[in-house]
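Take a look at the structure below.
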Amino acid sequence: MSTPRSASGYDLTPIDAARRRDLGRNLSAEQRHILFEHGTEPPFCGGLLQEKGAGVYVCLLCGLPLFRSQQKFDSGTGWPSFYAPFDPAHIREIRDTSHGMTRTEIRCARCDSHLGHVFPDGPPPTGLRYCLNSAALHFVAGDLPPDLPAGPA
């Protein structure tokens with residue numbers, strides 16, 4: 001059986017529950033709440049909101065590349081926002097009807113960690129706004145190797 005890979009060459013084999021727990025061992029309470037319990041950090045508080053460097057934002061839990069700095073924009077919402085993912089296969093979308101509204105939750109396709117939500121009010125060329133929790137991401141400056149091992153960065 002072949003390993004499922006994204007078009008950009010990354011291993012998308014789902015991480016099992018035991019490995020997920022192991023990877024989450026050293027997370028802060030806030031990171032666990034966001035990644036595992038679908039929490040949200042307060043607006044304008046996230047450590048990556050003001051990050052302006054060139055690089056890639058990866059999943060904090062498994063290291064899968066999620067967004068490029070070139071697709072980041074200032075949405076004014078208080079959370080890091082992007083108009084396109086690194087690779088569409090790296091993001092899983094789920095209908096979210098919590099809090100009395102209907103939204104689209106986004107999760108990491110490899111480890112199923114909660115990342116944030118996507119909204120149809122972003123800039124061109126996609127018209128999308130991927131609204132992320134800084135606590136769900138790790139910023140890697142510069143270019144990435146072809147694949148990263150799963151684990152907190």
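Quick notes
- Filtered residue count, the range 23-52, keeping only those that are at pLDDT 95 or above and within 16 Å of Arg110 (Cβ to Cβ): 2
- Test: Ala136 is closer than 19 Å to Val56 by Cα, surrounded by 23 or more Cβ atoms within 10 Å (Cβ to Cβ) and either without any contact (Cβ under 8 Å) to a residue 24 or more places away in the chain or small (Gly, Ala, Ser) (or both): yes
- Filter pass, Pro80 being modelled with pLDDT of 95 or more and within 22 Å of Glu37 (Cα to Cα): yes
- Residues that are hydrophobic (A, V, I, L, M, F, W, C) and out of contact with any strand residue (DSSP E or B) (no Cβ under 7 Å at 6 or more places or on another chain) were ranked within the range 3-23; the one that is most open to solvent (accessible area, probe 1.4 Å) is Ala7.
- Condition met for Ala135 (farther than 15 Å from Phe36 by Cβ and modelled with pLDDT of 95 or more): no
- Members of the range 101-111 that are hydrophobic (A, V, I, L, M, F, W, C) and surrounded by 15 or more Cβ atoms within 10 Å (Cβ to Cβ): Ile106, Cys108, Ala109, Cys111
- Scope the range 105-136; condition β-branched (Val, Ile, Thr) and more than 29 Å from Ala18 (Cβ to Cβ); matching residues: Val118, Thr126
The values are calculated or read from the model by the stated rules, or taken from the named source; none is laboratory data. Owing to the predicted nature of the structure, the values given are computational and were not obtained by experimental measurement. Quick reminder, even Gly has a Cβ in these numbers, built from the backbone with ideal geometry, and neighbours come from all protein chains shown. Just the protein is used for accessible areas: all its heavy atoms, side chains included, with ligands, DNA and RNA removed. Shrake-Rupley method; radii C 1.70, N 1.55, O 1.52, S 1.80 Å.
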